1. Which is more than 42 Å from the chain's Cα centre (by Cα) and either over 30 Å from TYR260 (Cα atoms) or at pLDDT below 95 (or both), of TYR353, TYR332, TYR303, TYR282?
2. LYS302: outside any loop (DSSP other than H, G, I, E, B) and either of a type in the set (Phe, Trp, Tyr) or within 25 Å of THR229 (Cβ to Cβ) (or both), yes or no?
3. Looking at the range 179-188, is at least one residue basic (Lys, Arg) and either modelled with pLDDT of 85 or more or under 20 Å from LEU253 (Cβ atoms) (or both)?
4. If TYR196 meets every condition in (1) farther than 30 Å from ASP250 by Cβ; (2) surrounded by 14 or more Cβ atoms within 10 Å (Cβ to Cβ) apart from one, which number is that one?
5. Can you name every residue in the range 245-255 that is surrounded by fewer than 18 Cβ atoms within 10 Å (Cβ to Cβ) and assigned to a helix (DSSP H, G or I)?
6. List every residue pair whose Cβ atoms sit under 8 Å apart, with the two residues 6 or more apart in sequence or on different chains, where the first one lies in the range 96-111 and is touching a residue at least 24 places away in the same chain (Cβ under 8 Å) and the second, anywhere, is assigned to a loop (DSSP other than H, G, I, E, B) and among the small types (Gly, Ala, Ser).
7. Would you pick out the residues in the range 215-234 that are of a type outside the set (A, V, I, L, M, F, W, C) and either at positive phi or in contact with a helix residue (DSSP H, G or I) (Cβ under 7 Å, 6 or more places away or on another chain) (or both)?
Amino acid sequence: MKTSVLKIRPLNYHQSMIRFVIFILISIPASLFSQEAKSPGYRNINSYLADFAKNELFVKKSLIDYSTSIMEDHRMERTSVSSTRIVDKLKKINVILKRFDKGFKNNTTLRDGFIRMNEKTIECMTNGTLILNDYELQSSKNMNDVKSNLTLRENNVKSYFNELKSYEETKTKFGLLFNIKINGFSGNNIFEYNAYQNILFYKINVIDQKILASISCINKDEFFESIATLDNIYKEVIMKTTDLKDDFRDSSLNEENVAYSKFIYDQKETMIPLFTDFIKEYEALQLLKEVKTPETKESIAKYNAKVRFYNASKNKLFDFLKVVQVSKIKMYNKWFATNHSFLVNNIKVENIYESYVAVN
């Protein structure tokens, strides 16, 4: 079998991590880090929130610096070490906060909400949620497991952003208790938008790789089940990108997702008849091999003719896949370039030190 043309060769692991480390880590409100080993007894709510804000801002600034450095230096080992360092830092922050931050007037809801968000970030960075280019690994699983994985990955991302929103609500409620307006996030969240676009891209690539794996293994049932799943995922991409298209004036990533998904979806029009013919010739050849009759000139000629038919059908299929793969890799890499440009052009980091609180 010509298996070499059946593998998507994704960009390095770190490039997948970059996208999601950016949206998860910069999304963290930036306030809780700078609490010293021993928090002072705060005389008023403004003092407490001012110190809390410094910590939160310290977290966000360090994560933005990290993301920027990763964009400039794409070495996988650097990404791995840096992400491990961030997880360790978040864990240490939580330990310090639990031990020394006693809240304001013994009210620790703001502190506890931030700790929960940190814990969710740690979970997402360590449980595989952020590894969104393991197409080949997923393609080795049965279709039920593939579908379950896709659902789980999306649910994990949704769960993370729900935790972010919960934290924003906690900040607002905490401020109201002490007649303080805490400046929170408002408007469309670029990181959430980017995350959902990435999930759609991941889904279409996983199912595409599963289709190629079923061809490589000559598994007719999995091939047609994969095609049916591709139909559903493509409909999902169109529906969700339509829902997302007006979230930002910059629609480049949305359009790139639609274009890439359509390319993957449209290849089935040629692929299905080629695979059907290939399977027909493959099964016919297997049946002929099972026939136990004495070799004659006629039987040898019949067998050789069947081998030629099989090889011809196989070559047509794999030649088509090879041509498609060339275009696919170009579009795949273009998607990453678009994703990178979208983040660079739309992440606003200059206002990171805006006022955290405003007295009513």
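The values are calculated or read from the model by the stated rules, or taken from the named source; none is laboratory data. All of these numbers come straight from a predicted model, not from anything done at the bench. Cβ sites come from the backbone with ideal geometry, for glycine too, and all protein chains shown count toward neighbours.
1. TYR303
2. Details: outside any loop (DSSP other than H, G, I, E, B): yes; either of a type in the set (Phe, Trp, Tyr) or within 25 Å of THR229 (Cβ to Cβ) (or both): no.
So LYS302 does not fit the description; no.
3. Among the residues of the range 179-188, not one is basic (Lys, Arg) and either modelled with pLDDT of 85 or more or under 20 Å from LEU253 (Cβ atoms) (or both), which makes the answer no.
4. Single failed check for TYR196: (1).
5. Scanning the range 245-255 gives SER252, GLU255.
6. Close Cβ pairs satisfying both conditions: ILE96/ALA37; PHE100/ALA37; PHE100/SER39; ASP101/SER39; LYS102/SER39; THR109/GLY103; LEU110/GLY103; ARG111/GLY103.
7. SER216, LYS220, GLU222, GLU225, SER226, THR229, TYR234
This table checks each residue for (1) β-branched (Val, Ile, Thr); (2) out of contact with any Phe, Trp or Tyr (no Cβ under 6 Å at 6 or more places or on another chain); (3) more than 21 Å from ARG116 (Cα to Cα).
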{"residue": "ASN142", "(1), (2), (3)": "no, yes, yes"}
{"residue": "SER148", "(1), (2), (3)": "no, yes, yes"}
{"residue": "ARG153", "(1), (2), (3)": "no, yes, no"}
{"residue": "THR172", "(1), (2), (3)": "yes, yes, no"}
{"residue": "ASN189", "(1), (2), (3)": "no, yes, no"}
{"residue": "SER214", "(1), (2), (3)": "no, no, yes"}
